[in-house]
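Where a number appears in this text, it was derived from the coordinates with a stated rule and is not lab data. The structure presented is a predicted model; accordingly, all values stated were derived computationally and were not measured. Don't worry about glycine lacking a Cβ; one is built from the backbone with ideal geometry, like all the others, and counts go over all protein chains shown.
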Amino acid sequence: MTVQDREALSAAAAAALQGNQFEQAIRLYSELIENTGERAEDFYKRANAYNGLGRWEIAVHDYDRAISLDASHARAYCNRGTALEHLARWTDALASYDRAIELAPNDFVSYYNRGSALKNLERFEDALSSYQGALSLKGDYVVAYINCGNVLQKLKRYEAALANYEKALEFDQGNAAALLGRGVSLASLRRFSEALASYDRAIALDSRYTEAYIDRGIALHEMGQSEAALASYDQAILLDPTFAAAHQARGLSLLNLRQFEAAVASFDRALALEADRRYLRGLRLYAKMQICSWNGLTRELELIVQGIKRGSALCPPLPMLALVDDAALQRATAELWVAHECPPNEALGAIPARQATRKIKVGYFSADFRDHAVASLTAELFEIHDRAKFEVIAFAFGPESNDPVRARLERAFDKFLDVRPYSDIEVARLARQLEIDIAVDLGGFTEHCRTGIFAARAAPVQVGYIGYLGTMGAPYMDYLLADAAIIPEVQRANFSEKIAYLPSYQANDSQRTTSRVLSRDDLGLPQRGFVFACFNSNYKIMPATFAAWMRILKRVADSSLYIYSENEIVDRNLRREARELGVDSERIVFGRRMARDAYLARFCAMDLFLDTLPYNAGTTASDALWAGLPVLTCTGQSFAGRVASSLLVAIDLPELITSSFAQYENLAVQLAQEPQRLAQIKEKLQRNRASTPLFDTRSFAANLENAYGGMMERYAAGLPPEHIRVQS
């Protein structure tokens, strides 16, 4: 082949490559290599053509041939790294980029690509440094700014991420990816309206931008606009029916709207597309438990348990409290959630040491400073804290509320701060500025939780209490309040926190009132016969518990069971389960949500409260005991499974605690068939209500304050958290 022929063939090959005619380019470069000898540049360019066709293995082989012929070929190393990334060989790709940079230190593309490999290796700080290296060489490198923002998002440094997206938009106002990232950062900073505007701009630029519709829906969901969120998810699904994330997000909004059957259907579609998607199986099962739909429960639960044991985050922490009586598994679930969603955030740095020379400032953080179970238990506690020794400050971030409970709470605190508009970092920063000594998380992993506040270390001492009945598995939570009935010493290993043992666990409001009287007729109950009752949330009812209830009904003639039910689907499912277990479904009476005074009065029309396992009654149990209704429980092995036992110990009714379903059923039957024995228990309950720790709010407050004092003494002495036991 003449020089002129070679030049013509080379030009034709280059033109084919430039025009993305990759098959033609491969044929022409192969002809060059075969007829004119092996040259590094021909192998390099043929490799680029293979890259264009997605034939990564062959591309790597040709880059290697090019490098063997020219060890200083920096571009071959760089593009080789790209092919290796497509093969998920991140470490090899990184080595290739490092060599490219050694050979061509001013090649901004190699720095950028190196950042990509490091990001895939989850070495986010190193990735950020590499992207910044690219920007130092090319100051208008838009995609590098975008990826700096993406990595900063991973690092939870949302303000810095936002600045990078804004910088990208300075150079390219019409960059939809930058607008999407900007929206995500704004939403993370709880600037939802601005986030929506950014998503809308991205969609205006690219009407088929599926991710923008999903993130727009997430922002609307966080704003409480679940219907609008659904519309956004539906648009994403219309564009890409195979996008599992859209179906899962849609299911979450439906769950929030309490449209449980529709939520299950959305989760089913997501599951069919991506079976191991994070949290999906657990969310689906949680939605089913809300309506007592138990088909396939055993198999689904086994898949979740085995996945968690393998380190797969298949379920959020809250549902696991109701699904398994296993504190170790609940801890593993929480730790997986924390690792993925809310790892420690060092953005604010360490809190400077403080001198313990003033009142202890306690910050209570909650989404539930409103008509909610947590508020109903703790309102009086906040009112009677010893103001000579403590200053108490509320950090409220739940839904807007104007109910009487909220008004009472606003008066109860020394300061009541509505921090809804603030990001987690901003709330933590505010807590530090106010010099909060002890930050108490009253929500844990419940609805509207803001765990990121604690991840950023809002206070030197951080404590979990009352809202979430289990360990948070988070290294930044120092203490968990409990008592010896809830966490025996042998169970401590299943909790990441140190345990602050109180004489009794649950705060209570001794100012509860019952101003109404409800008859059996009012509640649709039969005039005669024994009435068992359960007022627990429906998702706490497991098949084994319900089966025990049905066996009890069979053994107690003319008895009935009153169940709090959220909707007719629950009624239908439980009636069917009863019939399958051989019980006339008409013996089950369902009651809906009631106003507070009627709710408490309803307990007085019942004979015996039957508790659930593995998630016991908490507030409902203390409400029942306050109203004079005995609570029969079966104690479990986890925090949530031992709360009712704690309440019964605190009111000195240990005779109502059983340790197996057989004991539980037998005692329920005995109490129903021995009226005098039950009457004696009710009389004892009435006597004990005023003389035992359960409803002695002042003693509880004093014990809690002693626990806080012990925590601060250790902190002031430079000692790490340790188990504390407060004596009554």
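Distance between the C-alpha centers of region 27-91 and region 224-261? Whole Å please. Spelled out, the Cα-based centre of one part sits 44 Å from the other. Residues of region 158-182 with an amide N closer than 13 Å to a point placed 7 Å from the Cα of residue 194 along the Cα-to-Cβ direction: 158-167, 182.
Defining a contact as two alpha carbons under 8 Å apart and six or more residues distant in sequence, what relative contact order in percent does region 360-501 show? Once divided by the residue count of region 360-501, the mean separation gives 22 percent. Once the Cα-Cα distance is subtracted from the 0.36 nm per residue extended length, the residue 522 to residue 3 segment shows a gain of 176.6 nm. Sorting 495, 445, 454 by the number of Cβ atoms found within 10 Å of their own Cβ, with the fewest placed first, yields 495, 445, 454. Near residue 399, once Lys and Arg are set to +1 and Asp and Glu to -1 for all other residues with Cβ below 10 Å from its Cβ, the sum equals -1. Among the GluC sites (Glu not before Pro) within region 320-399, those in coil by DSSP and having at most 15 neighbouring Cβ atoms inside 10 Å are 346.
All C-alpha to C-alpha distances of region 241-330, sorted into 5 Å bins beginning at zero, yield P(r) values of 3, 16, 27, 26, 18, 8, 2, 0 percent in whole numbers.
When the alpha carbon gyration tensor of region 1-55 is reduced to an equivalent ellipsoid, the three semi-axes, largest first, read 18, 12, 8 Å. Look at 643, 726, 362 and count the other Cβ atoms within 10 Å of each Cβ; fewest to most, that gives 726, 362, 643. Listed by Cβ neighbour count within 10 Å, with the fewest neighbours leading, 299, 258, 408 appear as 299, 258, 408. Placing dummy labels 7 Å off each Cα toward the beta-carbon, the span from residue 309 to residue 11 is 7.0 nm. Three semi-axes describe the equivalent ellipsoid of the chain; taken as square roots of 5 times the Cα gyration tensor eigenvalues and ordered largest first, they are 59, 30, 22 Å.
Dividing the summed -39500 (n - 2.57) terms of all DSSP H runs of n ≥ 4 by the residue count of the chain sets its mean residue ellipticity at 222 nm at -17000 deg cm²/dmol.
Oblate is the label for region 558-611, because a/c, from the alpha-carbon gyration tensor with a ≥ b ≥ c as root eigenvalues, is 1.5 or above and a/b does not exceed b/c. Based on Cα contacts under 8 Å between residues 6+ apart, the chain shows a relative contact order of 8 percent. Ordered from longest to shortest, the equivalent ellipsoid semi-axes for region 3-237 are 41, 20, 15 Å, each the square root of 5 times a Cα gyration tensor eigenvalue.
Answer rounded, prolate or oblate for region 631-728, using the Cα gyration tensor with square roots of eigenvalues a ≥ b ≥ c: rounded when a/c is under 1.5, else prolate when a/b is larger than b/c, else oblate. Verdict is oblate for region 631-728.
Give me the Kirkwood hydrodynamic radius of region 531-695 in Å, from all C-alpha pairs, to one decimal place? Evaluated over region 531-695, this radius sits at 15.8 Å.
In summary, the convex hull built on the alpha carbon positions of region 286-341 has an orientation-averaged projected area of 3.7 nm². Principal axis extents of the C-alpha atoms in region 360-501 (largest first, rounded to whole Å): 43, 33, 29. Pairs spanning more than 21 Å between alpha-carbon atoms, out of 119/154; 288/309; 156/498; 156/361; 154/288; 138/167: 288/309; 156/498; 156/361; 154/288. Evaluated with a Cβ-only charge set (Lys, Arg +1; Asp, Glu -1), the chain carries a dipole of roughly 1540 debye about its Cα centre, given to the nearest 20.
Using R0 = 60 Å, the C-beta based FRET efficiency linking residue 136 and residue 489 works out to 0.60.
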